[in-house]
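What follows is a short report on a single structure.
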Amino acid sequence: MPAEDDGKMSTESFCAAIQNPDRMVRQRALKTFEETFIKGTESDAECSRLFDETYLHILRCYSDRFESVRTLAVSVIDVLLSKLPTNDYYLDCMVPVLAKRIGQPETIEDSEELRLVLLEQVETLVVKYSDPDGSHGDPLLKVFDSVVDILVKTLRDPYPAAQKKSCEIVMALAVATPSLHYRAEVLVAPAKTILAHRHSANRIAAIETLGVLSLHILSNGDCVSEIIMAISPLLMDDVPFVRRACGRVGCLMMEKLRDRYSFFHRILPLVLNCLCDETVEVREDIESGWKKAGELYYHENETELSKVALIEKLPVGYPVERYVRPTIACRAIVQRSLRVVNLVLHEMEEWKENIRLHATKLLKQIVLHAERDFSTLFIEVNPVLAKACMDAERSIVLEALSVCELMGILLEYETWSQHVLNTFRKYPTIGQLRCMRTLFASCVQNEAKYNDVRKFAALLLDPDVCHNHQDAAYQRELLEFCSILASIGQMRDKLTAGIEEISVTESDDGEHQTLERTLYTVALKVVAFCQEVDERASVRDFGMEVLRQLDSNVERLHQHHLASVLGSIGHLDSENSDASTSILLLCGIVSVCGFQETYFTILQETLHKALKHAAPEGKVKIFSAISMAMLTWETHNRQPKEEQIAMLTTFTDTLIAPHLVWSAGRSAESIRAMATACFASMAQGVHSDVYMSVLPNYLNVLAGLIDDNCISTRAYTLKALVRLEALDFESLKLIAFPIMSRLDDPSGEVRELAAVCLGRLKLIMASSEAISSDQQSILERWQDILRQILSVMFLHLENPEIKLRSAIFDSLKRLYVDNRAMITHLADEVPSGCSYKKDLETITSQPSNM
């Protein structure tokens, strides 16, 4: 008894001390009480007695105005709780005080750290009085409302650690009591606010908390749906562990959610998106949980699924090297939940790129799991998928093409073939083209593809398709499809035989159109449109590869099919400008194919028709293409000289010569310049014997163009004369003085060209040694003219332009070969002080055998 009295006196003194106005006294009393009395107490009875005698005074310190005192009071209670027996009485004493401090609508406890300590005390109580199955009367039920009130407040606490601890308490409470369902919905809204927290640990805790709460919401399906919708955006979180938490919650719901079958279509995005996550750890973790959910579903539906498992086979062409086929149960879950596709399609058209990307990835997983069951949704999915195929974000396009590839492999050919054909006819967009091309290329039902190849090829002939020259990506897709269709021709036979035997269409004149001709037409048009666009050189090169795929000898393709292509170019009888599709196509074809005997006549007729009706800028464009093609004349034409002369003369008389005649106006001047450029190209591209047989017929008009007002015309005219060979006297007289006069031209290029041309002036002489009197007279007359020209050339050797002096010097050397005496005599007459005297001596000192 005396000992008890001493203890009682000590307890009384402690109670008196913690009520002392002096803070230091209260602090000292609390520290002494914790270190001396509580730690020295061992039995439950003594601890209970100590609590009964002191708890009112200690709990009153929870509201002390000094934080240090409040902190010590909480610490004392923590130590007491660790020693007290599990008795509901203590729970009733503690929770109301805690609720008063941290569970009120307004913030009572100002200290963030102390709020966290109080929450830890709540967690200790929850764990201490845990009764998961209610076998001990569910002691937490008595204080359940107060605990929930605390959590409703602290889940919104601005202190991140307090928020995270609150989430942990919610999850602990779900395990500790079977009564969480009474107020689980109340905790959903505050928990959702943490999902946007900047700390990833808090977001993960909130996701896990909401997942647990969803399992305890028994009747409000809308609330469960809200939880899923709130979590879903975090599938795009930058932190992999946050995305993994979303997937884990999805797997948890798949296994334990009440009425989970009706929520499968909402839960699936949480799981399937993680299956295609960029982080390996996330994929592997969720794949394990997904398989467990599948095993549970298989166990619950074993009768039905076991029968399916007996007869199913791996689909033909399944990409086993890239994808692991999901289990039959996982596929069955997706196949019964295809309502999710409506949500996916909606998100694929969102304005945010990351949402579109994840929705497209999700669609790929749905197709991978649904396999042939997805056929019923193809018509609904196709327009949205085609839109994704032309998204501005390349990653989205690649994912969309992956979806198309999977559908081509897994779906029946008849499911999509007719629909995509009809849709593309109405909407020939690049998205539909990519979608159709990928479906066709990945389809493993080769026989069906072979039978329909003509339909797809004919579809590409539509002018709305193959005349789309403004989009390089569209042109490349066309060529990709042409390449695929050509490859289909190799499936049954060699390309040249297999392609030729497939009929495509019947033209209006009854011509039998072949697949080779169709693909040639499409590929050639794409190449033609890219011909003068440097930015599309890669597309042009790819188009030539496609043509070589049809036939290694592209020239032979031109010979067989170009006439048909030229005949199909429409609207040439309209006043087309240089931007007109018809003019662009025709000019491109001329530049690519050049001139060959097999199609020369129809090409000439087509060009004549276009020139007759085209606007001035259109004519300039056509002559530019002709001049480019003339550079390759000798490469494409190997026939006898007489035949080439006949072809070239007819062509020049019909198309070029009429536009060399002078007429007023800037437009006429531009046309005249480009027509002259055709002669300049002939001088370079046509064999000299053929060219010199044609040129004399047009020297009269060219002589006038040497003095044209347009610098370009003068330059092109002189370029047409730089390969002159020996001419008769009348022809020489016609052009000699006009050329000489250009040595004083304002344009440096023209002056240099004139100097070069002067060196080409040469009189045709009889081959016999005896010269008739007439020939002698002509020679003398020519030498008189040449003497004047040489005098002028000597004077221009004083010109400061190095290039001009060099050109004159080369021309003098060339003229010296046939006019040694004259040039030597004139050089001797030049005073010794002239700057060009040494140059002349160098020329005249050449050996006679040169």
Got a sec? What order do SER10, SER845, SER667, SER811 fall in by accessible area at 1.4 Å, biggest, i.e. largest, first? SER845, SER667, SER10, SER811
In nm, spacing of pseudo-spin labels at GLN783 and THR193 (7 Å Cα→C-beta vector): 11.5 nm
Hey, got a sec? Which trypsin sites (Lys or Arg not before Pro) in the range 25-99 land in a DSSP loop and have at most 10 other Cβ atoms within 10 Å? ARG65
With angles folded into 0 to 90 degrees, how steeply does helix 144-154 sit against the dominant principal axis of the chain? Use alpha carbons for both and round to 10. 40 degrees
Identify all aspartates and glutamates with a Cα-Cα distance to LYS449 below 14 Å; exclude those on the same chain that are fewer than 8 residues away in sequence. GLU412, GLU414
With a 1.4 Å probe and every protein chain left in place, work out the accessible area per residue of the chain in Å², rounded to a whole number. 44 Å²
So what is the calculated 222 nm ellipticity per residue for the chain, using -39500 (n - 2.57) for each DSSP H run with n of 4 or more, over all residues, to the nearest 500 deg cm²/dmol? -21500 deg cm²/dmol
Quick calc, SER538 & SER288: beta-carbon distance into FRET formula, R0 35 Å, rounding 0.05, result 0.20
At SER68 and ALA473, where each label point lies 7 Å from the Cα along Cα→Cβ, what is the point-to-point distance in nanometres? 6.9 nm
Bins of 5 Å from zero: percent of alpha-carbon pairs in the range 316-388: 3, 15, 26, 23, 18, 11, 3, 0
Directionally averaged shadow of the range 213-266, computed from the convex hull of its alpha-carbon atoms, nm²: 3.5 nm²
For the chain, the accessible surface attributable to carbon and sulfur atoms (probe 1.4 angstrom, ligands and nucleic acids excluded) amounts in percent to 50 percent
Acute angle (nearest 10 degrees) that the helix 353-370 long axis makes with the longest principal axis of the chain, alpha-carbon atoms: 80 degrees
Per DSSP, the loop-located GluC sites (Glu not before Pro) within the range 514-607 having at most 12 other beta carbons within 10 Å are GLU575
Cα centre as origin, Lys/Arg/Asp/Glu Cβ charges: the chain dipole, Debye: 600 debye
State the extension gain, in nm to one decimal, for the chain segment bounded by GLU349 and LYS455, taking 0.36 nm per residue of separation less the distance between their alpha-carbons. 35.1 nm
Restricting attention to the range 226-331, which GluC sites (Glu not before Pro) occupy a DSSP loop and are surrounded by at most 14 other Cβ atoms within 10 Å? GLU278, GLU312, GLU321
Between the Cα axis of helix 641-651 and the main Cα principal axis of the chain, the angle (0 to 90°, nearest 10) is 70 degrees
Contour minus Cα-Cα span, VAL792 to SER82, at 0.36 nm per residue, comes to 243.5 nm
Specify which residue in the list THR124, LEU30, ILE77 is farthest towards the positive end of the charge dipole of the range 1-160, using unit charges on the beta carbon of Lys, Arg (+1) and Asp, Glu (-1), about the Cα centre. LEU30
What does the convex hull of the alpha-carbon atoms of the range 725-808 project to on average, in nm²? 5.7 nm²
Kindly flag which residue pairs out of LYS153/LYS192; LYS256/LYS291; LYS361/LYS426; LYS364/LYS387 have an alpha-carbon separation exceeding 18 Å in this structure. LYS361/LYS426
For the range 719-812, with the dipole built from +1 on Lys and Arg beta-carbon atoms and -1 on Asp and Glu ones, taken about the Cα centre, which of ILE785, VAL722, PRO746 lies farthest toward the positive end? PRO746
Leading residue at positive end of dipole, the range 91-220 (Cβ point charges), from ALA161, ALA201, VAL148: ALA201
What FRET efficiency comes out for THR303 versus ARG156 if R0 is 30 angstrom and r is the Cβ-Cβ distance? Round to the nearest 0.05. 0.05
Taking the radius of gyration and the Kirkwood hydrodynamic radius from Cα positions alone, what is the Rg/Rh ratio for the chain, to two decimal places? 1.30
LEU218/VAL239 FRET efficiency (R0 30 Å; Cβ-Cβ; nearest 0.05): 0.40
If you take the square roots of the eigenvalues of the alpha-carbon gyration tensor of the range 237-293 and sort them as a ≥ b ≥ c, do you get rounded (a/c under 1.5), prolate (a/b over b/c) or oblate? prolate
Is the range 1-141 rounded, prolate or oblate when judged by the Cα gyration tensor, a ≥ b ≥ c being the square roots of its eigenvalues, rounded requiring a/c under 1.5 and prolate requiring a/b larger than b/c? oblate
The range 172-259 - convex hull of alpha carbons, volume per residue in Å³: 86 Å³
Using a simple spin-label model with points 7 Å from Cα along the Cα→Cβ vector, what separation in nm is obtained for HIS613 and ALA668? 2.4 nm
Roughly how large, in nm² to one decimal, is the mean projection of the convex hull of the alpha-carbon atoms in the range 788-849? 3.9 nm²
Taking 0.36 nm per residue of sequence separation and subtracting the Cα-Cα distance, how much length would be gained by fully extending the chain between ALA201 and GLU730, in nm to one decimal? 180.6 nm
Just how large is the dipole of the range 610-762 about the Cα centre, in debye to the nearest 20, putting +1 at every Lys and Arg Cβ and -1 at every Asp and Glu Cβ? 240 debye
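The values are calculated or read from the model by the stated rules, or taken from the named source; none is laboratory data. These numbers were taken from a predicted model, which means no experiment stands behind them. Ideal geometry is used to build each Cβ from the backbone, glycine not excepted, and the neighbour counts take in all protein chains shown. Side chains are part of the model used for accessible areas, which takes the heavy atoms of the whole protein and leaves out ligands, DNA and RNA. Shrake-Rupley method; radii C 1.70, N 1.55, O 1.52, S 1.80 Å.
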